[in-house]
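To start, the structure itself, in structure tokens.
The values are calculated or read from the model by the stated rules, or taken from the named source; none is laboratory data. The structure displayed is predicted, hence computed values, not measured ones. Cβ placement follows ideal geometry from the backbone for every residue including glycine, while neighbour counts extend to all protein chains displayed.
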Amino acid sequence: MAKGDNKKAQPPGIRPSEERRRTYAPQSIASTLGRMLKRAPAARSAKGLAALKRDWTDIAGPDFADIAWPDRFDPARNGRPGVLAVKAAAGAALVLQHDGPRLIERVNGYLGAGAVGRIRIAPGVPPRRQARQMPPKPIPENHPKAEALAVKASGVESDRLAAALTRLGRSVAAKN
């Protein structure tokens, strides 16, 4: 060390940013796990992939959600862009290659700027999306069940509450 250097010599392999004061006070599990998972790229990628799978239809839109499904996510690190691997239906690779920048833009809008830099396409079949079922139409007012519901609801003092209960009863009766 130079004569004017007042810094302590660091053991090899320890950088000043990694040096921590040891504390023996109780710590919450959340803070401990947070510190551990902050440095784990696999945890970040698993969290990102789970979020992508959960909201994929909203993120990608119906045009991409029908032909592709997120399979793997490698987050950006060390100056390399993040990679999103998607399983695509047969013949969809060409569409994904052509519209890849648009899909990357949508995913980055969800995960944060620069999260995904490129898309890797793997052959596979995306899971079927469940079509939203429309609720059945309530039974008509002249139906015998609806008339019985109206008679029961007439005992309620509030007219608005009676009307709401009648509508609810007609909707439930339509399901049965």
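Starting from residues that are exposed (fewer than 10 other Cβ atoms within 10 Å of the Cβ) and within 20 Å of N142 (Cβ to Cβ), keep the ones in the range 155-176 and report whichever is nearest to the chain's Cα centre (by Cα). Only one residue fits best here, namely K175.
Confirm whether A85 is within 20 Å of A51 (Cβ to Cβ) and either modelled with pLDDT under 85 or in the same structural domain as A50 (by TED's automatic domain parsing) (or both). For A85, the condition - within 20 Å of A51 (Cβ to Cβ) and either modelled with pLDDT under 85 or in the same structural domain as A50 (by TED's automatic domain parsing) (or both) - is met. Report whether or not D66 is within 13 Å of P126 (Cβ to Cβ) and either in contact (Cβ under 8 Å) with a residue 40 or more places away in the chain or not basic (K, R) (or both). Yes: the conditions hold for D66.
What is the residue count in the range 145-154 for residues that are part of a helix (DSSP H, G or I), of a type outside the set (A, V, I, L, M) and either exposed (fewer than 14 other Cβ atoms within 10 Å of the Cβ) or touching a strand residue (DSSP E or B) at 6+ places or on another chain (Cβ under 9 Å) (or both)?
First, pick out the residues of the range 145-154 that are part of a helix (DSSP H, G or I): 145-153.
Pick out the ones that are also of a type outside the set (A, V, I, L, M) and you get 145, 147, 152.
Retained after the next criterion (residues that are either exposed (fewer than 14 other Cβ atoms within 10 Å of the Cβ) or touching a strand residue (DSSP E or B) at 6+ places or on another chain (Cβ under 9 Å) (or both)): 147, 152.
Summing the residues that are part of a helix (DSSP H, G or I), of a type outside the set (A, V, I, L, M) and either exposed (fewer than 14 other Cβ atoms within 10 Å of the Cβ) or touching a strand residue (DSSP E or B) at 6+ places or on another chain (Cβ under 9 Å) (or both) in the range 145-154 gives 2.
Annotation: E157 fulfils all but one of (1) in contact (Cβ under 8 Å) with a residue 24 or more places away in the chain; (2) part of a loop (DSSP other than H, G, I, E, B); (3) not assigned by TED's automatic domain parsing to the domain that holds I59; the unmet one is (1). Applying the set (1) in the same structural domain as G48 (by TED's automatic domain parsing); (2) of a type in the set (D, E); (3) farther than 27 Å from K47 by Cβ to D66 leaves exactly one unmet item: (3). Given the structure, is R160 closer than 30 Å to A85 by Cβ, of a type outside the set (A, V, I, L, M) and modelled with pLDDT of 85 or more? No: the conditions fail for R160. Counting residues in the range 48-69 that are out of contact with any Ser or Thr (no Cβ under 7 Å at 6 or more places or on another chain) and at pLDDT below 80 gives one or more. For the range 77-129, taking the residues that are aliphatic (A, V, I, L, M), over 16 Å from the mean Cα position of the chain (by Cα) and assigned to a helix (DSSP H, G or I), the one that is surrounded by the fewest Cβ atoms within 10 Å (Cβ to Cβ) is identified as L94.
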